[in-house]
Amino acid sequence: MYLSHYKLDKKPFDISPNPEFLWLGEKHREGLAILKYGILENKGFLMITGDVGTGKTVTIPDPSLSLMDFYNIMAAELNMGRSFENKGGFLIEFKRFILKAASSHQRVLIVIDESQRLTSALLEEIRLLSNIDLGGNVLINTFFVGQLEFKALLARNENRAVRQRITVSYELSPLTADETPKYIWHRLKVGGTSQPIFTPEAIRLIHSYSRGYPRLINIICDHALMSGYSRGADRIDEKIIKECGDELRVAIGSDPLEEKPMPPAELPKKKPAAGLSPVPAADQSHPWRGALVFAGFLSLLGLTWYFAGDRISNELARWGKGKELATL
């Protein structure tokens, strides 16, 4: 809706992965360099992790599959030309495929996205696939791409064999305050405009709201462009971003700029007057309660003496005589 208003050819801030809009920050360039190094040096198992929305998406997108579904998706991605009904049939054909690729000086790279969703059993199957070699040379490079939870999965004792094979690893972090405007400007340019649609103040606030996560930056910017279009604004300023931050509170999380309410101040306690003991709160609200208790006690004592006074007197007299005899 807002494309013509901002002279754009395509939406620059879709959250779906699109290689056309690829922009590599410092951390992403380092991650790519590590990937290239691992492949060229045949390191076998590689790993890149990062929090949700830091920009990791690749292929195979959903590894939470049964074993044969996983193998058949792998066969399709590698263009093996057929599907399989059992593990034995896949392994025979897969080994032929790998050896043929090696004889043609081709490298096979298996990229598993959302690796934190793998089961321990499937991780072990992937490890066994890597045992296919040629004269001790690694023929398959497996690249795990996942959220930070993947580290916890690898830390389990049953996954130690896979963990010990990961020779190259890297963790992506969010964009810095200096990288965020470059990221936004790049996507606007690819979208078809070189106009500075977002003011510098707006971009600084976008970074604060998004904390540098590219996916959140896209969500905020797309919403801001729609808001600006609806009010006929040619530029997105800080005020529009603040409104978007309030409207997108659920999607982007709580406002990092929001001040936490201060607890109410305690009223000073009054000191009791000199020579008096402090009265408990209950007694302050009901000053007659203590008097009633004391009156009840006196009434009970009186009734006891009325019904058993003679017997108590006799017992006291006998107790006094016994005491005198004991003294003698």
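The values are calculated or read from the model by the stated rules, or taken from the named source; none is laboratory data. Since the structure is predicted, the reported quantities are computational estimates derived from the model, not experimental observations. Note that each Cβ is placed from the backbone with ideal geometry, even for glycine, and that neighbours are counted across all protein chains shown. Ligands, DNA and RNA are excluded from the accessible area calculation, which covers all protein heavy atoms including side chains. Shrake-Rupley method; radii C 1.70, N 1.55, O 1.52, S 1.80 Å.
If we count every other residue with Cβ under 15 angstrom of ARG107's Cβ, Lys/Arg +1 and Asp/Glu -1, where does the sum land? My count for the surroundings of ARG107 gives 0. The candidates HIS105, HIS5, HIS28, arranged from most to least accessible area with a 1.4 Å probe in the full protein assembly, appear as HIS105, HIS5, HIS28. Three semi-axes describe the equivalent ellipsoid of segment 77-228; taken as square roots of 5 times the Cα gyration tensor eigenvalues and ordered largest first, they are 42, 20, 14 Å. What percentages, rounded to whole numbers, describe P(r) for segment 114-166 computed over all alpha carbon pairs with 10 Å bin width beginning at zero? Spelled out per bin, shortest first, that is 24, 56, 18, 2. Shape summary of segment 156-246, radius of gyration then Dmax from alpha carbon positions: 18.1, 59 Å.
Using a 1.4 Å probe over the heavy atoms of the protein chains, calculate the carbon and sulfur portion of the accessible area of segment 1-41 as a whole percent. Exposed carbon and sulfur together represent 57 percent of the surface. Per residue, the accessible area of segment 1-52 comes to 58 Å² when a 1.4 Å probe rolls over the protein heavy atoms. Distances between placed amide hydrogens fall under 5 Å for TYR170 paired with MET47, ILE48, THR49, all partners being 5 or more residues away or on another chain. Spin-label model, LEU148 to ASN86: label points 7 Å out along the Cα-to-beta-carbon direction sit 4.5 nm apart.
By the Kirkwood approach, averaging reciprocal distances over each pair of separate Cα atoms, segment 1-158 gets a hydrodynamic radius of 17.5 Å. Couplings for segment 75-81, taken from phi via the Karplus curve 6.51 cos²θ - 1.76 cosθ + 1.60 with θ = phi - 60°, read 4, 5, 5, 8, 6, 6, x Hz in order; Gly and Pro are left as x. TYR37 contributes about 110 Å² of solvent-accessible surface, heavy atoms of the protein only, 1.4 Å probe. Solvent exposure of segment 80-200 amounts to 53 Å² per residue of accessible area, where only protein heavy atoms count and the probe is 1.4 Å. Less than 5 angstrom separates the built amide H of PHE143 from those of LEU46, ILE110, VAL111, ILE112, all sequence-distant by 5 or more or on a different chain. Residue ranking by accessible heavy-atom surface, 1.4 Å probe, largest first, among VAL190, VAL168 comes out as VAL190, VAL168. For the residue pairs LYS11/LYS182; LYS27/LYS182; LYS43/LYS87; LYS27/LYS239; LYS43/LYS151; LYS27/LYS151, alpha carbon separations beyond 23 Å are given by LYS43/LYS87; LYS27/LYS239.
Put TYR183, TYR229 in order of accessible area, highest first, and with a 1.4 Å probe you get TYR229, TYR183.
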